[in-house]
Amino acid sequence: SLAFRSDCYKHYEMLGWLCENYKGEIHCSTGMTTKDEVEELVAFFEKHHRAKDLVLYNCTSGYPVPFPDVCLLDITTMIQKYGERVKTIGFSGHHLGIAVDVAAYTLGANVVERHYTLDRTWKGTDHSASLEPAGMRKLARDLKAVYQALDYKATDILPIEQVQRDKLKFRKA
């Protein structure tokens, strides 16, 4: 897959070339873009019959982004507006920690993108908001756990509950 920031959305010549010559997924972050620019970007990919290859990321660009500026609920808005028009909606995070990523996934972001580094204290604009290897492992672990937990009960009483229910002294006959 190929990724670029949609703040470069005016580079239609490059986007057109990608649409014609690149056959994989194209990932676009919406950091630093207006709602009109995002609509224009999606329409461009639709015009070139490539919107179903587009992964559109909810993103706030900043390093690190304070939690109130992450704006996670925009994921649901993007799913409602673009979910049927693009391949999928993702989340590109520049915040501290991993809790927000898990929430983004729970809200429907099917792809989570994070920067990684070997040392968060290194100089540079985004090292402090990046994940070190241990953080990436924890994020992967937690996303897998949430994936497994996001389900409905298959029966009123699950087998694990039946074991506990059978131990109760007073039950209905």
Residues located in the stretch 19-70, provided they are closer than 16 Å to Glu113 by Cβ and open to solvent by 50 Å² or more (accessible area, probe 1.4 Å) = Glu25, Met32, Tyr63, Pro64
Over the stretch 71-86, the set of residues assigned to a helix (DSSP H, G or I) and crowded, with 21+ Cβ neighbours inside 10 Å is Ile75, Met78
Collect the residues in the stretch 109-134 that are among the small types (Gly, Ala, Ser) and buried (at least 17 other Cβ atoms within 10 Å of the Cβ), keeping them in residue-number order.
-> Ala109, Ala129, Ser130
Which residue pairs have Cβ atoms closer than 9 Å, lie 6 or more positions apart in sequence or on different chains, and pair a first residue in the stretch 117-137 that is touching a residue at least 60 places away in the same chain (Cβ under 8 Å) with a second residue that is not charged (D, E, K, R) and not in a loop (DSSP other than H, G, I, E, B)?
-> Ala129/Gly93
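The values are calculated or read from the model by the stated rules, or taken from the named source; none is laboratory data. If you're wondering where the values come from, they're calculated on a predicted model, not measured in any experiment. Because the Cβ atoms are built from the backbone with ideal geometry, glycine has one as well, and the counts that use them run over all protein chains shown. Note: accessible area is taken over every heavy atom of the protein model, side chains too, but ligands, DNA and RNA are not part of it. Shrake-Rupley method; radii C 1.70, N 1.55, O 1.52, S 1.80 Å.
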